[in-house]
Amino acid sequence: MTYDCSFLSDLALDGTTSFEESARENHAADWVAQEAGLGVTPDAVVWPESTADVSTVLEAAHERDVPVTPYAAGTSMEGNAVPAFKGISMDMTKMNDVLEVRPDDFQIDVEPGVMGNVVDETAAEHGMFFPPMPSSANLSTIGGMIVNDAAGQKTVKYGEVADWVLELEIVLADGTVIETGSKAVKTSSGYNLKDLIIGSEGTLGVVTRATLELEGLPEQIKGGRAVFNSMDDAAEAVFDAVRSGVDVAKLELIDPLAGEMANAYFDTGLPDAAMIFVEFHANHGIEEEIEFFRTILNAHDVEQFEIASDDRMDELWRARDELAFAIQQYDPDLEPRHPGDVTVPISKYPDLIRYAKARAAEHDILLPCFGHAGDGNVHYAALIDPDDEAMLEAADDLYDNIVEQAIEWGGTATGEHGIGMGKRTFLEREHGAGTVQVMRGIKAALDPKDILNPGKIFPETETEGVRVDLSK
């Protein structure tokens, strides 16, 4: 159905509203949904410029039962920003100010539409950085990172975004504005509503301000690459390094197929071999940590290990940072389907890699594997001919098998992309029916009319046209 959103024209907003077809179509999908043709065109787009704007729009939409889907950079990977039931797409990108930096407290206050690289550039002026920043920092907003509980290459040392959010300002479904958390680095006061909002994918409230904790820039940064004869050796080396307590800031794995794709994309000169990319951060003693890591690699038949010079560091990491684009461009007749991001306990990481590659071989499907190996996170994408129904079915089967195996080994269906529309069927498999019912109860308490980003997370919403029945 469509919704009459003409009431938006009567609201006193600092921001703007559009009913133009081009604006609405530009907010129909995120990256993956757009490629898969799964976009849904909203009835209107609003660009709020203040917390008051967000509150005013939500209050009016709540009164009229009109769905509102928060939207930012549109780089989410599971249809998180698709307005599944039309209504209003609320584009937060005009709320993009850095509000205040407090260097003495290692804190920065920002609006949700600020791009990640702007936060790091601002922090760097004070000798600091935001440690959990994902590699997509120049393409994604802080608000999107918070509501998807994003993570990145440095998670193995510094943790995920949730670990660095201190305080949030939130607008609830009915327009009520609340603050959660504290500017103190710890608090035991009341329910931890801040962490409830983090990772909620815009289904419980809209973030309008965030206080983030920062870290001083390390005095020593060195990175390099290790090359192995087999994926088994590389994956086992990752597990051994983490188990042994090597203090790495980044620990990334690329399989031979992914290396080949990177070479084809921008001629990196990488070998078509299993590789580990590593980076160390320290204020002193970095050479000792590198040598410790070298002993781990030698125990797993490393073929080559180099520490890059400072001027080669960016070039070295480019192969990992732009791998998603390399995969997309690898073969004009094939396209990636289902970008996976499962995560398992580190002891199961080598098993997960072996399982994924074995199942891909059984299906005769190209499946590049790479990812944040240090925290047990693997990314993968089946390359398929979209016109080949048998291959599509095989790719879907492969994807399901990998996710189910990760869950069976105590892992998760999604390490950082969220549930969105793409992983709804795995929610109860991972958490159990009772836990998911508690999630429904929380949703019902904060959004009883199910107007905030409906059609996401819950398994029953996979059926087209079904919004969550919050009366049960």
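The values are calculated or read from the model by the stated rules, or taken from the named source; none is laboratory data. Remember, it's a predicted structure, so these values are computed and weren't measured experimentally. Cβ placement follows ideal geometry from the backbone for every residue including glycine, while neighbour counts extend to all protein chains displayed.
Looking across segment 147-172, the residues that are crowded, with 23+ Cβ neighbours inside 10 Å and touching a strand residue (DSSP E or B) at 6+ places or on another chain (Cβ under 8 Å) come down to Val147, Ala151, Gln153, Lys154, Thr155, Val156, Val165, Leu168, Ile170, Val171.
Determine whether segment 84-102 contains at least one residue that is under 26 Å from Phe277 (Cα atoms), outside the structural domain of His338 (by TED's automatic domain parsing) and hydrophobic (A, V, I, L, M, F, W, C). No: zero hits. Look at (1) of a type in the set (Lys, Arg); (2) under 19 Å from the mean Cα position of the chain (by Cα); (3) modelled with pLDDT of 95 or more and you find that Lys357 fails only one, number (2).
Could you list, in sequence order, all residues of segment 260-289 that are of a type in the set (Gly, Ala, Ser) and surrounded by fewer than 24 Cβ atoms within 10 Å (Cβ to Cβ)?
First, the residues of segment 260-289 that are of a type in the set (Gly, Ala, Ser): 262, 264, 269, 273-274, 282, 285.
Ala264, Gly269, Ala273, Ala282, Gly285 - these are the residues of segment 260-289 that are of a type in the set (Gly, Ala, Ser) and surrounded by fewer than 24 Cβ atoms within 10 Å (Cβ to Cβ).
Can you name the residue in segment 66-83 that is closer than 17 Å to Val46 by Cβ and not β-branched (Val, Ile, Thr) and, of all such residues, is modelled with the lowest pLDDT? Result: Gly74. Glu287 meets all of the listed conditions (1) of a type outside the set (Val, Ile, Thr); (2) more than 28 Å from the chain's Cα centre (by Cα); (3) closer than 30 Å to Pro103 by Cβ; (4) not in a helix (DSSP H, G or I) but one, namely (4).
Among the candidates Thr41, Thr17, the residue that is closer than 16 Å to Pro67 by Cα, among the polar types (S, T, N, Q), more than 24 Å from the chain's Cα centre (by Cα) and not in a helix (DSSP H, G or I) is uniquely Thr17. Within the option set Ser9, Ser55, being in a helix (DSSP H, G or I), of a type in the set (Gly, Ala, Ser) and touching a strand residue (DSSP E or B) at 6+ places or on another chain (Cβ under 6 Å) holds for one residue only, Ser55.
Which helices (runs of 4 or more DSSP H) sit wholly inside segment 166-284 and have at least 3 residues that are over 26 Å from Pro132 (Cβ atoms) and within 26 Å of the chain's Cα centre (by Cα)? It would help to see each step written out before you state the result.
On the way: elements: 193-197, 231-244, 256-266.
The helices (runs of 4 or more DSSP H) meeting that bar are 256-266.
When you look at Gly113, is it part of a loop (DSSP other than H, G, I, E, B) and within 24 Å of Asn283 (Cβ to Cβ), yes or no? Against the criterion (part of a loop (DSSP other than H, G, I, E, B) and within 24 Å of Asn283 (Cβ to Cβ)), Gly113 does not qualify.
Please go through segment 356-376 and pick out each residue that is over 16 Å from Ala274 (Cα atoms) and either in a helix (DSSP H, G or I) or in contact (Cβ under 8 Å) with a residue 60 or more places away in the chain (or both).
Taking segment 356-376 first, the residues over 16 Å from Ala274 (Cα atoms) are 359-365, 375-376.
Once the filter is applied, which keeps residues that are over 16 Å from Ala274 (Cα atoms) and either in a helix (DSSP H, G or I) or in contact (Cβ under 8 Å) with a residue 60 or more places away in the chain (or both), segment 356-376 yields Arg359, Ala360, Ala361, Glu362, His363, Asp375.
Go through segment 20-36 and give me each residue that's within 21 Å of Asp65 (Cα to Cα) and of a type in the set (D, E, K, R). Once the filter is applied, which keeps residues that are within 21 Å of Asp65 (Cα to Cα) and of a type in the set (D, E, K, R), segment 20-36 yields only Arg24.
If you check Asp65 against the conditions, is it more than 30 Å from Lys423 (Cβ to Cβ) and touching a residue at least 12 places away in the same chain (Cβ under 8 Å)?
On the way: more than 30 Å from Lys423 (Cβ to Cβ): no; touching a residue at least 12 places away in the same chain (Cβ under 8 Å): yes.
No; evaluated as a whole, the condition is false for this residue.
Suppose the filter is part of a strand (DSSP E or B) and more than 24 Å from Gly224 (Cβ to Cβ); does Pro339 pass it? Spell out how you get there, then give the answer.
On the way: part of a strand (DSSP E or B): yes; more than 24 Å from Gly224 (Cβ to Cβ): yes.
Criteria met by Pro339.
For segment 71-78, the criterion of being outside any loop (DSSP other than H, G, I, E, B) and either under 30 Å from Arg337 (Cβ atoms) or touching a strand residue (DSSP E or B) at 6+ places or on another chain (Cβ under 6 Å) (or both) is met by at least one residue.
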